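Below is one structure, written out as structure tokens; the observations come after it.
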Amino acid sequence: MFKAKSEFEKNSWLLVAYCWLAYATNYIGRKNLSVCLADMIAEGVTDNVSGGTIGTCFMLCYAIGQFTNGWLGDRFHPRYMVCTGLLCSGLMNVFMGLNSNNFLFMIIWAVCGFSCSLLWSPIIRAVSTWTTDEISHAAAASLSATIPIGTICCYLICAAGLKFFSWRVSFMMCGAVLIVMAVILHICFGTIKNHMTEENAKAPVHHDKAHQTSAQANIKVFCAGLVFAAVGILFNGMIKDGLDLWIPTVLGDKFIPSSSVVSLICTILPLLNIFGAYAARDVFHRFKIDELTTCSVMFAVSTISLAIVTVFIHIIPAKTAEAVIGAGDVILAIFITLLLALSSASMLGANTMLLTFIPLHFGKVGRASTVTGMLNCFSYAAAAVSSIAIGSISEVFSWEVVFCVFIGAAFAGAAVCFAGHKQLKRKTDELDAYHG
């Protein structure tokens, strides 16, 4: 599958590889706050409330940036947006390590969030525009796998920094990786700049304004099916990022009150998430169904796994800090983690369909970046709101209620995606048949 048969295909795979490296590196500079926050609080430079606000600033600016940079991504060359995003994110990470003021933490991390938003939409535009249809679809799941792989790399770098130095050095180490990679990738993209030209673009290039207006009038980009995808991504973002944030807390509160054991168990989550993207791709191709139907399947898997977890949360009494941890407790915690991982992986699979496979169709009319940015904006806006809401629900009610909310969101996501699949399928077929 990866063997190039022509110069164009060879350069296409190089483009995919550079985009893969860029987005995996991006996660090294955005997941480190959660790893370093405990030491920052212990040192007294921030507290729980301010630390949560710093993370919220990132999420909100990332969501806003997805919307604006998605639109800009169809108008500026991806090479410059991707490398600028990495460079600015790297600098913000270095500044985090040098800073001690809470207000500046919020400003710096907000800028980092906006900088990180410069990457994904232009990457989807690049892959949809300067590769073949076969290569773009083959690369789609691999691009989504950058999220867990980049997260693991971030954890390893931060773990080394925290063990041998401090949280400040951890931030600066991550920043240095991003800055160096920005320079390397700028050079690498330059080696295939002749490949990334208008002459090689699949998307139609209209220099005549009247022609462009006519072409856009003949095939409308936005449609009812895309609205269903936007609603689906709201539920997806709520569950995917909600689980990512709260799984360690749930395990510690209900099943195994040992942060070190919980941390060790949770290291399997990013690895298992990788399979979610490939599973969704295999379901999509093997059963020859459309993207939103595949999302419905992924949401259904998540609903079932979350329902089983909720039953265990209800029937198993919470462990106290003084309780002796036995082998059975660890086995149960691993079993629950695997169920949560199944839900999380299926949500990454749905995310792959919504943020990669669907936008690829819109590359034919030069709108892949715009559609990706819009959907990603909804995803992270939902994640930012749900993080606060879920925390409040867990305080006022219980984890059973929290997981009932997750189950309701997963069921609603399956229903919404299935309801809109025919309309979006008609539109994507129309886009695939469009040749400008």
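Ranked by the mean number of other Cβ atoms within 10 Å of their residues, highest first, the peptides 72-79, 274-281 come out as 274-281, 72-79. Of the DSSP H helices in the chain, those that are both long (alpha-carbon extent of 24 Å or more along the helix axis) and hydrophobic (Kyte-Doolittle mean at least -0.5) are 7-28, 48-73, 78-98, 146-164, 167-191, 224-250, 268-286, 291-315, 327-352, 368-396, 399-432. In the chain, helices alone account for a calculated mean residue ellipticity at 222 nm of -27000 deg cm²/dmol, with every DSSP H run of four or more residues adding -39,500 (n - 2.57). Sorting 336-345, 308-317, 356-365, 112-121 by average packing, meaning the other beta carbons within 10 Å per residue, from highest down gives 112-121, 356-365, 336-345, 308-317.
Computed about the Cα centre, the dipole magnitude for the chain is approximately 820 debye when only Lys and Arg (+1) and Asp and Glu (-1) carry charge, each at its Cβ.
Give me the net charge of residue 151's neighbourhood, meaning all other residues with Cβ under 14 Å from the Cβ of residue 151; Lys, Arg count +1, Asp, Glu -1.
With Lys, Arg at +1 and Asp, Glu at -1, the neighbours total +1.
Surface exposure of the chain, expressed per residue as accessible area with a 1.4 Å probe, stands at 42 Å².
Packing, taken as the mean count of other beta carbons within 10 Å per residue, orders the peptides 297-304, 230-237 from highest to lowest as 230-237, 297-304.
Considering only 417, 333, 247, whose Cα is most displaced toward the positive end of the charge dipole of the chain, charges sitting on Cβ of Lys, Arg (+1) and Asp, Glu (-1)? Checking the options against the dipole of the chain, the answer is 417.
Would you work out what percent of the accessible area of region 124-209, with all protein chains in place, is carbon or sulfur (probe 1.4 Å)?
67 percent
Between the residues 102, 166, 385, the greatest Cα displacement towards the positive end of the dipole of the chain, with unit charges on the Cβ of Lys, Arg, Asp and Glu, is found for 385.
Quick check: the distance between the Cα centres of region 334-372 and region 91-130, to the nearest angstrom? Region 334-372 and region 91-130 have Cα centres spaced 21 Å from each other. If you roll a 1.4 angstrom probe over the protein chains with everything in place, what fraction of the accessible area of region 277-436 belongs to carbon and sulfur, to the nearest %? Ligands and nucleic acids excluded, carbon and sulfur reach 71 percent.
What pairs from 193/364; 31/163; 10/364; 364/422; 31/364; 10/31 go past 28 Å between their alpha carbons? Among 193/364; 31/163; 10/364; 364/422; 31/364; 10/31, the Cα-Cα distance tops 28 Å for 31/364; 10/31. Can you tell which of 188, 350, 6 lies farthest toward the positive end of the dipole of the chain, using +1 and -1 charges on the Cβ of basic and acidic side chains (Lys, Arg; Asp, Glu)? Most positive-ward Cα: 6.
The values are calculated or read from the model by the stated rules, or taken from the named source; none is laboratory data. The structure displayed is predicted, hence computed values, not measured ones. Cβ atoms come from the backbone with ideal geometry, glycine included; neighbour counts cover every protein chain shown. The accessibility values were calculated without ligands, DNA or RNA, using every heavy atom of the protein model including side chains. Shrake-Rupley method; radii C 1.70, N 1.55, O 1.52, S 1.80 Å.
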